[in-house]
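Here is the structure we will look at, set down as structure tokens.
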Amino acid sequence: MNFNESLAYLLSLGHETLAMKFGLENTERLLNALRHPERLFFKIQIAGTNGKGSTAVMLDHITRAAGIRTALYTSPHLVSITERMRFDGQEIDPRDFARHATKVRDAAQALVAAGALPALPTFFEHLTAMFFVGCTGARAELAILETGLGGRLDATTATNPQMVAITPVALDHQEYLGGTLEEIAGEKAAIIRPGTIAVIAPQPPEVLNVILNRCAECGVQPVHADFETKVTGADARGRLRVTFKTRHEIYEDVWLSLPGRHQIVNAAVALAITEALIERGFKISHQAIRDGLESASHPGRLEWREGVPAFLFDGAHNIAGARALGDYLNEFVKAPLTIIFGAMRDKDLALMAEALFPAAEHLILTELDNARSATREMLAQLASHHPNMSRVILTSNVSEALRAAMSQTEPVGVICVTGSLYLIGEAQALLHRVPDEIYAT
């Protein structure tokens, strides 16, 4: 298969979320058929509700600064599916992606033909296997895995990582993971198994209790990332200068490249993972840690694009993310603000709106090209309490939303695109393909 054919094949397996099937057996059998490429290097799995992607990219930058050959697996992507796999800092080449997809497809089809699997593995299970096939070709020494959804039955868990980390846990995906924090925490904590190294972010008491009970069941001594921190400065974009005092070191006046106060916790988790790696023989200098934290980038998460007006992209796709973005906007964005908002209907839209909408001078609501998208009617209901309904615009698609935002926003203003990473991806693709049309509005 070429790249387009491989993408069409993967999409034919069904929608990534709507057609997903929880369980480890498909991935385990697929990796076995591929002769277990996942066993050739050290693996770190990161789960949690918010911050797992940011923690993963910080860790990737730290370890690469130390000269370690890394492989990074994240999801979802914004514009191209190739964003999900990075080897030694480079996005996978489409030709390699197609080659790995062909190999995994052939193995999957052979398993089905032999009766070893009742049906083809899912989209995400294929991608996970493809990533590990790619790791062998890239001669990776360390693989960093962002959990797809939950933890207990996620495909990344089937690879038995030697180290795991749990970033802050909050309410999200209740229809899949459970309706309470304790139930969701149980799904996340299940990635902790006997013999693993477990790094734990600061958590609400009820969540921490579930995680510590899981550690006790597995005979694992948790590594807590509850370090002493002190903010010593900030720039206009909300990048913070922070001093961290860990169990072993003091890292003074580190400028975090990822903006927002919530990144302090994510950086602390990355530091705790790094120190655990050092204890196990990985050579990572103090300077590599500083360089990694000061250079990490994570598209679609408080990502600024300068222009007239400027754009701010943040995939605040749940309550905790929306509140973090709302706090950031209140503290660091002083220019007139237009918010483009679109989200999935299975989110707690009312609380997300409560956190974000009051900050907007102009509010543009839009449907997404996604089967799970909230409808215009749902969005209109959300905006019914906005203090100035004359400044609320309902749009049918993202292109229309971008044009409306450009026409309403002052040149010195900011357009914040938020509510879903799928919205970010659509908007960025449009701005890349037809920027002149949109900016000429």
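Nothing in this text is a laboratory measurement; each read-out follows from the coordinates by a stated rule. Just so we're clear, the structure is a prediction, and the values are computed from it rather than from any experiment. Backbone-built Cβ (ideal geometry, glycine too); neighbour counts: all protein chains shown.
Below, the figures for the structure above:
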| quantity | calculated |
| --- | --- |
| DSSP beta bridge pairing in the chain, given as percent antiparallel to the nearest 5 | 35 percent |
| The chain - Rg over Rh from alpha carbon coordinates, Kirkwood radius | 0.96 |
| Set K52/K230; K43/K103; K283/K347; K43/K245; K52/K103; K188/K334 screened for pairs whose C-alpha atoms are more than 32 Å apart | K283/K347; K188/K334 |
| Packing-based order for 341-354, 105-118, 38-51, using average beta carbon neighbours within 10 Å, highest first | 38-51, 341-354, 105-118 |
| I339, I166, I264 arranged by Cβ crowding within 10 Å, fewest neighbours leading | I264, I339, I166 |
| MRE, 222 nm, helices only [DSSP H, n ≥ 4, -39500 (n - 2.57), over the chain, to nearest 500] | -12500 deg cm²/dmol |
